[in-house]
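Student: One structure, as structure tokens, below. Some questions next.
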Amino acid sequence: MSYPNTRLRRLRYNKTLREMVEDVHLRVEDFIFPVFVCEGSNIKREVSSMPGQYQFSIDKLPDLFKQIISKGIKSILLFGVPIGKDEEGLVSCDDNGIVQNAIKFIKKEYPEILLIVDLCNCQYTTHGHCGTLVDDDVHNDKTLVNLSKQALSLVKAGADILAPSDMMDGRVLHIRQSLDKNGYEKTPIFSYSIKYASAFYGPFRDAANNSPKLGDRKSYQMNFKNSIEAIREAESDIKEGADAIIIKPALSYLDIINKIKSKFNIPIIAYNVSGEYSMVAAASEREWVDRLDITLEILMSMKRAGATAIITYHALEIADKIKNNV
Ligand SMILES: [Zn+2]
């Protein structure tokens, strides 16, 4: 059937009709807001390369959570920014560490918030790599031991969900077994199954203070010139017991989100990463783009590609626009 019988514009003239036939939806419940918590008191420190994003000390978290709750955001992704670091990142396993104390505070004050906690060593190692170094490279299996230790400490503190972001082989199984052995078989693992070595993480490193002091992360994060390797990564994490898959970055990797969506029946979480956020922030500061309009379009593209939920720094600012469907 073609023109003049078919006129696709007939569905576009009326706003209500346009809304009725929309086939991709974005809700505030889809958002996961990243939160950086640092040591000290009375600290609300803006991340210079991510204007509008802050590190908070625990005593300042109530200011942030008031906003999170009033905007209808129900889930957060928590990162710890410790002062003390060590060679292996063992400080991350301290039951009274910065992230553990933040978890206890949040679960006590805001039990309704779904608390997803990032699980990695890079914020806690002196060298800034995601695991234990042997001969200047991250040793896969030694790192697994630390990750499982850290995992137990985080769930003991009250984490609802763990999100391992290290990209070691076999870590989902290792963490799963150690959780199950200790009575945490109900705790889901949202694995960063597909994490490309990316320049889009630049601003995050300011936020989390986790730049590697030597080398790069290319021996464990994925090569962005690869496409089908993403299927193997997802497949192995699903087999090991991952409950959802995180894909990062998102905006330049919509093809990967779509590929995984069509291949596997599992929730997919897109991470709209720091570099994606900062590009929008910088361009809108210069009034080259409309900040909220372009943000909405970017987030919708992730849903269109197949994301179930989105980790995004834009969650608070875009929530009202989503709720009012404008
Ligand atoms: Zn890491």
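The values are calculated or read from the model by the stated rules, or taken from the named source; none is laboratory data. None of the values given here were measured: they were computed from a predicted structure. Using ideal geometry, Cβ is built from the backbone for each residue, glycine included, and neighbour counts are taken over all protein chains shown. To get the accessible areas, we keep the full protein, side chains included, count just its heavy atoms, and leave off ligands, DNA and RNA. Shrake-Rupley method; radii C 1.70, N 1.55, O 1.52, S 1.80 Å.
Residues checked against (1) in contact with a Pro (Cβ under 6 Å, 6 or more places away or on another chain); (2) hydroxyl-bearing (Ser, Thr, Tyr); (3) surrounded by fewer than 21 Cβ atoms within 10 Å (Cβ to Cβ):
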{"position": "Lys259", "(1), (2), (3)": "no, no, yes"}
{"position": "Val273", "(1), (2), (3)": "yes, no, no"}
{"position": "Ser278", "(1), (2), (3)": "yes, yes, no"}
{"position": "Glu285", "(1), (2), (3)": "no, no, yes"}
{"position": "Thr308", "(1), (2), (3)": "yes, yes, yes"}
{"position": "Ala319", "(1), (2), (3)": "no, no, yes"}
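Student: Right, next: Is it true that some residue in the stretch 218-228 is among the aromatic types (Phe, Trp, Tyr) and farther than 30 Å from Glu39 by Cβ?
Tutor: Yes; the residues of the stretch 218-228 include at least one that is among the aromatic types (Phe, Trp, Tyr) and farther than 30 Å from Glu39 by Cβ.
Student: Among Asp166, Asp216, which is surrounded by fewer than 22 Cβ atoms within 10 Å (Cβ to Cβ), within 25 Å of Glu87 (Cα to Cα), within 15 Å of the ligand (Cβ to nearest atom) and charged (D, E, K, R)?
Tutor: Only one candidate passes the filter, namely Asp216.
Student: Now, a different point. Could you give every pair whose Cβ atoms fall below 9 Å, whose first residue belongs to the stretch 151-173 and is closer than 23 Å to Gln221 by Cβ, and whose second residue is among the β-branched types (Val, Ile, Thr) and assigned to a loop (DSSP other than H, G, I, E, B), counting only separations of at least 6 or pairs across chains?
Tutor: Ala151/Thr187; Ile161/Thr187; Leu162/Thr187
Student: Could you run through the stretch 204-237 and say how many residues are in contact with an Asp or Glu (Cβ under 8 Å, 6 or more places away or on another chain), assigned to a loop (DSSP other than H, G, I, E, B) and among the hydroxyl-bearing types (Ser, Thr, Tyr)?
Tutor: The number of residues fulfilling the criteria is 3.
Student: Could you check, for the stretch 99-121, whether at least one of its residues is within 15 Å of the ligand (Cβ to nearest atom) and in a helix (DSSP H, G or I)?
Tutor: Among the residues of the stretch 99-121, at least one is within 15 Å of the ligand (Cβ to nearest atom) and in a helix (DSSP H, G or I), which makes the answer yes.
Student: Also, quick follow-up: Give the residue, chosen from Ile260, Ile256, Ile294, Ile269, that is within 20 Å of Gly52 (Cα to Cα) and not polar (S, T, N, Q).
Tutor: Ile294
Student: Among the residues of the stretch 8-21, write down those that are in a loop (DSSP other than H, G, I, E, B) and surrounded by 10 or more Cβ atoms within 10 Å (Cβ to Cβ).
Tutor: Arg12, Asn14
Student: Is the stretch 266-281 home to any residue that is among the aromatic types (Phe, Trp, Tyr) and either at positive phi or touching a Phe, Trp or Tyr at 6+ places or on another chain (Cβ under 6 Å) (or both)?
Tutor: Yes, that holds for at least one residue.
Student: Pick from the stretch 122-158 the residues that are away from the ligand (no atom under 15 Å from the Cβ) and polar (S, T, N, Q): which of them is surrounded by the most Cβ atoms within 10 Å (Cβ to Cβ)?
Tutor: By that ranking, first place goes to Ser148.
Student: Still on this structure, I have one more. State which residue is nearest to Pro267 (Cα to Cα) when the search covers only the stretch 22-38 and only residues that are part of a helix (DSSP H, G or I) and among the acidic types (Asp, Glu).
Tutor: If we take residues in the stretch 22-38 being part of a helix (DSSP H, G or I) and among the acidic types (Asp, Glu), then Asp30 is nearest to Pro267 (Cα to Cα).
Student: Return the residue satisfying two criteria in turn: it lies in the stretch 61-87 and is more than 19 Å from Ala319 (Cα to Cα) and open to solvent by 50 Å² or more (accessible area, probe 1.4 Å), and of such residues it is farthest from the chain's Cα centre (by Cα).
Tutor: Glu87
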